[in-house]
Amino acid sequence: FYDEANIQQVTEEGQRLNKKFVGENLAMLGNKIHEEKFQMFMKEYGKEYSSKEEYVHRLGIFAKNVIRAAEHQALDPTAVHGITPFSDLSEEEFEMKLLGLKSGNSGDSSLNDVMGLSQTTAPELDVKG
Amino acid sequence: LPENFDWREKGAVTEVKNQGICGACWAFSTTGVMEGANFLATGKLNSLSEQQLLDCDHKCDRKDKDCDSGCGGGLMTNAYKYLIEAGGLEEEKTYPYVGKQGDCKFNPEKIAARIVNFTTISLDENQIAANLVRRGPLAVGLNAVFMQTYIGGVSCPLICSKRRVDHGVLLVGYNAKGFSILRLGNKPYWIIKNSWGERWGEKGYYKLCRGHSICGMNSMVSAVATATS
């Protein structure tokens, strides 16, 4: 009879507790949604993890990458961003394991120097019309 | 220049490959440009060996001292220099990809494609298009930050550093019209072959908007010429 639906505490302490309760439930709901998506991702891409700890670790990275994909979607609205085969890799792992072009932090001018651009650039072609 | 151009339709591009968990994009970009140039020179499309580059190419850039080091990364231009010295590349079937660096097992008698020369291409995107049409698919470096989450469509990020060029890919064509739902219009784009398998992106390909030097795609472009025999 005296459940939360019928009686709501309106004192300061009650509001604080209510906010905490709502926050915790939202976080749990968020984690559940992420875990469901993660399990679909594992099935889709045939992913297996060696231990429960590794599973939890990858789930955490996956959740961050879901948020990152939403950020990318906002920054790159003409493309579609979302869950890919690399959604269980951190940014650092992605760079280390899937990229691999050296001089990656150079500016344009030094890249040109690396390539010896001034010496070997192809002659200009006619592109009119 | 043609309005649209795609080397895949002309048979100059091999199937999408998969580098696995190995930082060997530079080797896949190198074999891609060699495969295309060899097709132009001989009319034959041969899938060439990335593993030969991983195992045998340890060339260093003379200025920055960056050396090609298998899954640890490399540069396409270093690889061209190695190939000129070594004589050429074996085919994929004689020197297959295993995704980790091992001992060099290169056999000069099995060379399938020989490089004669290489060149870099200017920063101008019209020149890049003209050289693509004339010389075949081009090796390109770009900033891959948006590629980890890319699924499809024309990628045209509002912010993408042109300086942090960290991924080697293959430019195979361009298109004048790629429909954008957001803009309810068409955007011109580059067609880029990646080496992360067919399950990534648009069947292994990336569409990157054209005309904005986006993600530094114009800063490290190169082509090769191969021998006809």
Self-check item: Tail weight of P(r) past 20 Å, computed on alpha-carbon pairs of the stretch B:1-131, percent
Solution: 45 percent
Quiz prompt | Shielding score for B:156-167, defined as the mean number of other chain Cβ atoms within 10 Å | solution = 5
Quiz item: Shielding of B:124-131 by partners, i.e. mean partner chain Cβ atoms within 10 Å per residue?
Solution: 4
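Quick check for me: using +1 on Lys/Arg Cβ and -1 on Asp/Glu Cβ, what's the dipole size of the stretch B:122-193 about its Cα centre, in debye to the nearest 20?
Details: 9 positive and 3 negative charges, 11 e Å.
Dipole magnitude for the stretch B:122-193 comes out near 60 debye.
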Practice problem: Show the residues, 5+ positions off or on another chain, whose built amide H is closer than 5 Å to the amide H of B:Cys67. | Solution: B:Asp61
Quiz item: Relative to the longest principal axis of chain B, what angle (0 to 90°, nearest 10) does the C-alpha long axis of helix B:76-86 take?
Solution: 30 degrees
Exercise. Would you kindly derive the ³J(HN,Hα) couplings of the stretch B:207-221 from the backbone phi angles with the Karplus curve 6.51 cos²θ - 1.76 cosθ + 1.60 (θ = phi - 60°), listing them in order in whole Hz, with x for Gly and Pro?
Key: 9, 10, 5, 10, x, 10, 6, 5, 6, x, 5, 9, 8, 9, 10
Exercise. May I ask you to work out the translational diffusion coefficient for the stretch B:73-152 at 20 °C, viscosity 1.002 mPa s, via Stokes-Einstein with Rh from the Kirkwood sum over Cα pairs, reported in whole µm²/s?
Key: 138 µm²/s
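Taking every residue in A:88-100, how many Cβ atoms of other protein chains lie within 10 Å of its Cβ, on average? Mind showing how you got there, number by number?
Details: counts 0, 2, 1, 2, 0, 1, 5, 7, 5, 6, 16, 15, 21.
Per residue, the number of nearby Cβ atoms from other chains is 6 on average.
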Exercise. Have a look at B:Ile191, B:Tyr95, B:Ile214 and report the one farthest towards the positive end of the charge dipole of chain B, computed about the Cα centre with Cβ charges (Lys/Arg +1, Asp/Glu -1).
Key: B:Ile214
Quiz prompt | HN-Hα J in Hz across the stretch A:41-54 - Karplus 6.51, -1.76, 1.60, θ = phi - 60°, x for Gly and Pro | solution = 4, 4, 5, 4, 9, x, 8, 9, 10, 6, 8, 4, 4, 5
Self-check item: Residues of type lysines that A:Lys32 reaches as a straight line, Cα spacing below 17 Å, ignoring anything fewer than 8 places off in the same chain
Solution: A:Lys43, A:Lys52, A:Lys64
Quiz item: Expressed in nm², what is the orientationally averaged projection area of the convex hull enclosing the Cα positions of the stretch A:29-87?
Solution: 4.2 nm²
Exercise. Quick one: which residues, 5 or more positions from B:Leu48 or on another chain, have an amide H under 5 Å from its amide H? H modelled 1.01 Å from N in the peptide plane, none for Pro or chain starts.
Key: B:Glu92
Quiz item: Using a cut-off of 17 Å between alpha-carbon atoms, which aspartates and glutamates can reach B:Lys63, once sequence neighbours fewer than 8 places away in the same chain are excluded?
Solution: A:Asp108, A:Asp113
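Taking the radius of gyration and the Kirkwood hydrodynamic radius from Cα positions alone, what is the Rg/Rh ratio for chain B, to two decimal places? Present the calculation step by step, with values, prior to reporting the outcome.
Numbers: Rg = 16.7 Å, Rh = 17.5 Å.
Result: Rg/Rh = 0.95.
Please order A:Glu93, B:Glu125 by the number of other Cβ within 10 Å, starting at the fewest. If you can, show how the numbers build up before the last one.
Numbers: A:Glu93 13, B:Glu125 21.
Going from sparsest to densest Cβ surroundings: A:Glu93, B:Glu125.
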Exercise. Kindly write out, for the stretch A:66-83 in residue order, the coupling ³J(HN,Hα) from the Karplus curve 6.51 cos²θ - 1.76 cosθ + 1.60 (θ = phi - 60°), rounded to whole Hz, with x marking Gly and Pro.
Key: 5, 5, 4, 4, 5, 5, 4, 4, 5, 7, 10, x, 7, 9, 10, 10, x, 7
Practice problem: Quick one: which residues, 5 or more positions from B:Lys177 or on another chain, have an amide H under 5 Å from its amide H? H modelled 1.01 Å from N in the peptide plane, none for Pro or chain starts. | Solution: B:Tyr189
Quiz item: Leaving out same-chain residues fewer than 8 places away, which aspartates and glutamates sit with a Cα under 14 Å from that of B:Lys100?
Solution: B:Glu50, B:Asp55, B:Asp57, B:Asp68
Quiz item: Expressed as an acute angle from 0 to 90° and rounded to the nearest 10, what is the orientation of the C-alpha long axis of helix B:125-135 relative to the principal long axis of chain B?
Solution: 40 degrees
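In deg cm²/dmol and to the nearest 500, what is the mean residue ellipticity at 222 nm of chain B if only DSSP H runs of at least 4 residues count, each as -39500 (n - 2.57), divided by the residue total? Don't jump to the answer; show the numbers that get you there.
Details: 4 runs with 47 residues, N = 229.
Here the helix-only value at 222 nm equals -6500 deg cm²/dmol.
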Quiz item: Taking a threshold of 24 Å on the Cα-Cα distance, which of the pairs B:Lys162/B:Lys203; A:Lys47/B:Lys105; A:Lys47/B:Lys207; B:Lys17/B:Lys207; A:Lys102/B:Lys193; B:Lys81/B:Lys105 fall above it?
Solution: B:Lys162/B:Lys203; A:Lys47/B:Lys105; A:Lys47/B:Lys207
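Where a number appears in this text, it was derived from the coordinates with a stated rule and is not lab data. All figures in this text were calculated on a predicted structure; none of them were measured in a lab. Glycine gets a Cβ as well: all are built from the backbone with ideal geometry, and neighbour counts include every protein chain shown.
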